[in-house]
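Quick notes on the structure that follows.
The values are calculated or read from the model by the stated rules, or taken from the named source; none is laboratory data. Model, not experiment: these values are computed from the prediction. Cβ placement follows ideal geometry from the backbone for every residue including glycine, while neighbour counts extend to all protein chains displayed.
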Amino acid sequence: MEEKILHIKGDDLKKGKVPIDIYKDKESTFKAMADLMCDTIVENNKKQRKTLFICPLGPIGQYKYFAERVNKEKINLKEVTFINMDEYMLDEHTIAGTDFKLSFKKTMYELCYDKIDKELVMPESQRIFPTLDNADYIDEVIKKHGGVDICFGGIGITGHMAFNEPPFEDEKVSEKEFVSSRTRVVKITEATRVVNSMDDFDGAYYMMPKYAITIGLKEILESKKIRLYCFRNWHRSVVRRASFGECSIDFPASLLQKHKDARIGISEELAK
């Protein structure tokens with residue numbers, strides 16, 4: 001069955017259990033993501049409603065388009081809160097600082113916050129990153145807002161959303177426990193470290209962090225909307241398994257099949 005779904009192409013991809021939107025190319029995919037972010041904020045601002053997003057550092061190509069449009073259209077972000085998905089750990093007990101080469105926080109500032117005009121960007125208190133002691137605070141922010149408006153993200157090689165990897169072989173975790181996971185420190189699979197090392201360390205996977213802190217599947221799956229975007233060659237198998245494969249914690253992205261408003265956006269190349 002898994003091999004069969006790898007051959008699904010073109011418009012047939014739109015017939016899966018998770019709707020798939022197809023864009024012209026990678027940059028069009030990023031721009032669609034940025035436009036949805038901006039459009040949602042503009043609409044909420046008009047209604048005098050606050051906006052709460054969960055945001056990734058993979059993909060990252062959307063942030064240049066987001067910052068450009070915010071600045072050009074003078075979109076006010078003062079009532080907007082971003083919760084970043086995750087951050088690398090230097091070891092099981094030490095979160096990476098902004099002096100670390102792969103720091104997600106550093107990258108988020110460089111690609112997004114620092115690119116936005118100061119009179120428009122949200123205050124520091126509304127730029128939330130998971131830490132070793134703010135799981136309860138993140139839950140409080142989400143609860144006070146009435147739920148995350150949109151969770152944006154990508155899908156990892158193991159089907160992980162944020163760093164919610166499938167359970168390791170020695171872990172005995174039920175689906176109920178897995179989908180109830182909250183912000184916590186997690187171990188990163190070797191498969192993920194290998195794939196991530198291709199961009200960051202020219203394939204030197206042994207230099208990649210072994211741990212990360214991540215928001216849980218609870219925060220992701222309870223979001224009102226989930227919008228994930230994929231554009232790499234190996235995403236061909238990932239998006240097909242998420243939308244057409246078995247719904248199982250063995251491939252976390254497949255759990256989107258049970259969500260009421262989840263979609264995956266891909267570049268046209270992945271539909272071939």
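Could you run through the stretch 151-191 and say how many residues are outside any strand (DSSP E or B) and either out of contact with any Phe, Trp or Tyr (no Cβ under 8 Å at 6 or more places or on another chain) or of a type in the set (Gly, Ala, Ser) (or both)?
Adding up the residues that qualify gives 25.
From the set of residues in the stretch 218-238 that are within 14 Å of the chain's Cα centre (by Cα) and hydrophobic (A, V, I, L, M, F, W, C), which is nearest to GLU175 (Cα to Cα)?
The residue in question is LEU221.
Six or more apart or on different chains, Cβ atoms under 9 Å: show the pairs whose first residue is in the stretch 90-104 and closer than 15 Å to ILE188 by Cβ and whose second is modelled with pLDDT of 95 or more and surrounded by fewer than 13 Cβ atoms within 10 Å (Cβ to Cβ).
LEU90/GLY97
Considering (1) out of contact with any Phe, Trp or Tyr (no Cβ under 9 Å at 6 or more places or on another chain); (2) in contact (Cβ under 8 Å) with a residue 60 or more places away in the chain, say which one ALA32 fails and leave the rest.
Result: ALA32 passes all but (1).
Identify, please: which residue in the stretch 134-149 is surrounded by fewer than 20 Cβ atoms within 10 Å (Cβ to Cβ) and touching a residue at least 24 places away in the same chain (Cβ under 8 Å) and is, among those, farthest from ASP86 (Cα to Cα)?
The residue in question is HIS145.
Looking at the structure I just gave you, is ILE188 buried (at least 18 other Cβ atoms within 10 Å of the Cβ), touching a residue at least 24 places away in the same chain (Cβ under 8 Å) and within 21 Å of VAL80 (Cα to Cα)?
Here the answer is no, as ILE188 does not meet what is asked.
If only one of GLU169, GLU219 is acidic (Asp, Glu) and touching a helix residue (DSSP H, G or I) at 6+ places or on another chain (Cβ under 9 Å), which one is it?
GLU219
Identify the residue in the stretch 158-185 that is surrounded by fewer than 18 Cβ atoms within 10 Å (Cβ to Cβ) and in contact (Cβ under 8 Å) with a residue 24 or more places away in the chain and, among all such residues, is nearest to ARG232 (Cα to Cα).
PRO167
Residue check: is GLU269 in a helix (DSSP H, G or I) and surrounded by fewer than 22 Cβ atoms within 10 Å (Cβ to Cβ)?
So GLU269 fits the description; yes.
Are any residues in the stretch 202-216 of a type in the set (Val, Ile, Thr) and not in a strand (DSSP E or B), and if so, which ones?
Residue satisfying the conditions is ILE215 alone.
Taking interchain pairs and intrachain pairs at least six residues apart, which have beta carbon atoms under 6 angstrom, with the first residue in the stretch 43-72 and under 20 Å from PRO130 (Cβ atoms) and touching a residue at least 24 places away in the same chain (Cβ under 8 Å) and the second part of a helix (DSSP H, G or I) and among the polar types (S, T, N, Q)?
Listed by first residue and then by second, the contacts come to THR51/ASN44; LEU57/THR107.
Checking LEU6 against (1) more than 17 Å from the chain's Cα centre (by Cα); (2) over 23 Å from LYS258 (Cβ atoms); (3) surrounded by fewer than 20 Cβ atoms within 10 Å (Cβ to Cβ), which single condition isn't satisfied?
(2)
Quickly run through the stretch 91-112 and pick out the residues that are more than 17 Å from ASN196 (Cβ to Cβ) and surrounded by fewer than 17 Cβ atoms within 10 Å (Cβ to Cβ).
The answer is ASP91, GLU92, HIS93, THR94, GLY97, THR98, ASP99, TYR109, GLU110.
GLY58 fails exactly one of the following numbered conditions: (1) closer than 23 Å to ASN164 by Cβ; (2) modelled with pLDDT of 95 or more; (3) of a type in the set (Gly, Ala, Ser). What is the number of that condition?
Just one mismatch for GLY58, condition (2).
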